[in-house]
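Everything below concerns the one structure shown next.
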Amino acid sequence: EQDVAEYRKSLAIRTSGFDVPRPIKAFEDCGFSIALMNAIAKQGYEKPTPIQCQALPIVLSGRDVIGIAKTGSGKTAAFVLPMIVHIMDQPELQKEEGPIGVICAPTRELAHQIYLEAKKFAKPYGIRVAAVYGGMSKLDQFKELKAGCEIVIATPGRLIDLLKMKALTMLRATYLVLDEADRMFDLGFEPQVRSIVGQIRPDRQTLLFSATMPNKVERLAREILTDPIRVAVGEVGM
Ligand code: ADP
Ligand code: MG
């Protein structure tokens, strides 16, 4: 335990919450399949970043996470890699409809970046990824969602529009990510985020990532997540 504390300290990781899994040192410690390890290697990721070292084992254990680390620290892979594992763990992939993983991001640019990252890891498994955001044809997105997907990455307003149009159902959704939660708050998306969360079964796994953690975002996180483990890297989120 002393070793774990020192290892966390060396990575500038602070955690709170009960039964926090120990941080990993290498991607090999995650129990990923060969296909996923190959995809990681193909990305040129040699070792996990600090947020990945601590968040990956927590997310893989099924716990909710509040993850705070500055921009560029590798938060996307911290939720995308376990999402692939989560989806592959589902029995009879094609039986029901709608996405299993739902990722909300504040802007179309961010949604698109997450889409590109998710595609790389989803592709070897034939997992279908859809990205839906403003500024693109709603009808095309409607059709894409109707055709089916396991992962949807969306800006909140557009996702709500498409839910109203019944382009998708949340019946299969069990893995929810709120990325860049601080910016979603700043852009006034709190009501939309709450509406989306309210449409997803309460026994879901929920992850909230942010570069900063103002009190109002922390309060929202505590409302929406269940017994979360909080992980902060560096000076942020003290
Ligand atoms: P954040 O969401 O924290 O701002 P990103 O997930 O966008 O950060 O990652 C920032 C950059 O670091 C991306 O180009 C990503 O491909 C890269 N990256 C992520 N994880 C690793 C890793 N383990 N090793 C090397 N590069 C990584
Ligand atoms: Mg990010």
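The values are calculated or read from the model by the stated rules, or taken from the named source; none is laboratory data. Keep in mind it's a predicted model, so treat the numbers as computed, not measured. As a convention, Cβ positions derive from the backbone with ideal geometry for all residues, glycine included, and neighbour counts pool all protein chains shown. These accessible areas exclude ligands, DNA and RNA; they are computed on the full protein's heavy atoms, side chains included. Shrake-Rupley method; radii C 1.70, N 1.55, O 1.52, S 1.80 Å.
Ranked from largest, the principal axis spans of the Cα set of the stretch 45-167 equal 41, 33, 24 Å.
Which of the trypsin sites (Lys or Arg not before Pro) found in the stretch 1-43 are in a DSSP loop and have at most 16 neighbouring Cβ atoms, other than their own, within 10 Å? Don't jump to the answer; show the numbers that get you there.
Numbers: sites: R8, K9, R14, K25, K42; in loops: K25.
Those satisfying the criteria are K25.
Calculated from the alpha-carbon coordinates, the stretch 113-237 shows an Rg and a Dmax of 15.0, 44 Å respectively. Database remark: amide H of Y175 closer than 5 angstrom to the amide H of V102, Q205 (H placed geometrically; neighbours at sequence offset of 5 or more, or on other chains; Pro and chain starts carry no H). Taking a threshold of 25 Å on the Cα-Cα distance, which of the pairs K119/K216; K70/K166; K70/K120 fall above it? Those over the limit are K119/K216; K70/K166. Taking 7 Å steps out from each Cα toward its Cβ at L187 and E46 produces label points 3.5 nm apart.
Only helices enter the 222 nm calculation for the chain: every DSSP H run of n ≥ 4 contributes -39,500 (n - 2.57), and dividing by all residues gives -12500 deg cm²/dmol, rounded to 500. If you keep only loop residues by DSSP, which trypsin sites (Lys or Arg not before Pro) in the stretch 159-233 have at most 12 other Cβ atoms within 10 Å of their Cβ? Sites meeting the loop and neighbour criteria: K166. These residues, V129, V236, go from largest to smallest accessible area, 1.4 Å probe, as V236, V129.
Surface composition of the stretch 1-90: carbon and sulfur make up 51 percent of the accessible area, probe 1.4 Å. About its Cα centre, the dipole of the chain is roughly 500 debye, where the only charges are +1 on Lys and Arg Cβ and -1 on Asp and Glu Cβ. Per-residue 3J(HN,Hα) values for the stretch 217-233, derived from phi via the Karplus relation 6.51 cos²θ - 1.76 cosθ + 1.60 with θ = phi - 60°, read 6, 4, 5, 4, 4, 5, 6, 8, 9, 10, 6, x, 9, 9, 10, 10, 10 Hz in sequence order (x marks Gly and Pro). Per residue, the chain exposes 47 Å² of solvent-accessible protein surface, assessed with a 1.4 angstrom probe and all protein chains in place.
Using the alpha-carbon positions of the chain, Rg (one decimal) and Dmax (whole number) come out as 16.9, 56 Å.
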